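Working notes for the structure below.
Where a number appears in this text, it was derived from the coordinates with a stated rule and is not lab data. Computed from a prediction, not measured in an experiment: that's the story for all the values here. Please note: Cβ atoms are built from the backbone with ideal geometry, for glycine as well, and neighbour counts cover all protein chains shown.
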Amino acid sequence: MIRVGLVGFGLAGRVFHAPLLSSVDGFELVSVVERTTHEAETRYPGIQTVRSFDELIADRLHNLIVVATPGSTHFDFARRALECGKHVVVDKPMALHSTEIAQIAALAATRGCLAVPFQSRRWDSDFLTLSQVMQEGSLGRIVSLESRMDRWSPGRTRKPWKNIPEEGGILLDLGTHLVDQALVLFGKPLGVSAEVDRERDGDGSNDAFTIRLRYAGHRVTLGSNVLSSIPGFRYSLRGTKGSFRKHGIDPQEAALGKITHIASPTWGQEPMHDWGVRHIDLDGGIDTESVESIPGDYRQFYIRLREAILHGAPPPAMATEAWRTARVLEWAVQSSAERREIECDFSKEPML
């Protein structure tokens, strides 16, 4: 049994990590750090509430520490957990700077522990479906992918700390997921150009971005903002033989916020009205068909982590991959400031 200490019980800890850990065999959620409340104990009777990170890592029985706190704390908590010989999962972003992620990766290798970024959206229904469409090859050679996660949130954010510029804004929040998905699909880009902006009134962190990744033969455009009152597409994929477009968002986050344990046999299934549509050129005419969505399943992250810890299987995500994502986001900031494309140089990638 992998004994888990969870740091933080806000949105990430309460909605994602706690219910997922309780739904995967092999994990035991033992302790949760809550500074003033006992919400975790109420939702998960039998666990222990502790008031500080120091108190949590003092417990030698924990095998795994899950960090689900504001991004500015991630590096310090991950470093200290690894120094105590514990495996660590870190919510996105893994750290605020690529140099810190490199240090985490190096320390994990030295200590013989796993340091794993929580890239759960690799198991979104829409991303799994998009990946399948690309693998089938029905669209021919891919020439363009647009991937967007737009929202309507004109007022103050639910988490005031997310509006602090030093936390990285929406770029390090949703941007981390979008870039990670792009790198999973296409690998390392050749160049990055971007605009990173604040569109809402008042001071605060960035809340909108457009990132263009240049590859040999195709381009990937990633974007997000919080001033989209009319829902747009999630993915728009174009190829030499046709196109695929997907609307709607993965239903798992909304469902996880209402439960403590996944029990539904239809978990992660999208309603038919959210299925994507594929348009293929057949002898000069366009054939249109709905593409049934593959069910999403965030449990796969912890299932693969369990196998990595217990049996040495590949982890669900790697610190090196988080470093690549962080570098792309840093180049996006540089590109926006300098108004030019930045050539990608991954030569200083940390070695594991």
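Per-structure values
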{"quantity": "Neighbourhood net charge (10 Å Cβ-Cβ; Lys/Arg +1, Asp/Glu -1) for SER236", "calculated": "+4"}
{"quantity": "Within-15-Å neighbourhood charge of SER293 [Cβ basis; K, R +1; D, E -1]", "calculated": "-4"}
{"quantity": "Relative packing of 71-77, 17-23, 137-143, 257-263, which averages over residues the other C-beta atoms within 10 Å, highest first", "calculated": "17-23, 71-77, 137-143, 257-263"}
{"quantity": "The chain - charge dipole about Cα centre, Lys and Arg +1 at Cβ, Asp and Glu -1, debye rounded to 20", "calculated": "300"}
{"quantity": "Likely footprinting exposure, HIS38, HIS247, HIS311, fewest C-beta neighbours within 10 Å first", "calculated": "HIS311, HIS38, HIS247"}
{"quantity": "Above-threshold pairs, the threshold being 29 Å between Cα atoms, out of LYS86/LYS348; LYS92/LYS241; LYS188/LYS246; LYS241/LYS348; LYS162/LYS258", "calculated": "LYS92/LYS241; LYS241/LYS348"}
{"quantity": "Folded to 0 to 90 degrees: helix 74-83 orientation relative to the chain principal axis, Cα", "calculated": "50"}
{"quantity": "Amide proton proximity set for ILE2, modelled H, under 5 Å, gap of 5+", "calculated": "PHE27, GLU28"}
{"quantity": "Farthest positive-ward along the chain dipole, Cα basis, beta-carbon charges - from ALA106, ALA337, GLY168", "calculated": "ALA106"}
{"quantity": "Region 1-138 - charge dipole about Cα centre, Lys and Arg +1 at Cβ, Asp and Glu -1, debye rounded to 20", "calculated": "220"}
{"quantity": "Cα-based helix-to-principal-axis angle, 299-311 vs the chain, degrees rounded to 10", "calculated": "60"}
{"quantity": "Rounded tilt (10° steps) of 98-111 against the dominant C-alpha axis of the chain", "calculated": "50"}
{"quantity": "222 nm mean residue ellipticity, helices alone, for the chain (DSSP H n ≥ 4; -39,500 (n - 2.57); rounded to 500)", "calculated": "-9000 deg cm²/dmol"}
{"quantity": "HN-Hα J in Hz across region 213-223 - Karplus 6.51, -1.76, 1.60, θ = phi - 60°, x for Gly and Pro", "calculated": "9, 9, 10, 6, x, 7, 9, 10, 10, 10, x"}
{"quantity": "Cβ charges +1 (Lys, Arg) and -1 (Asp, Glu), total dipole of region 264-352, debye", "calculated": "620"}
{"quantity": "Euclidean distance of C-alpha centroids, region 108-142 and region 333-352, integer Å", "calculated": "22"}
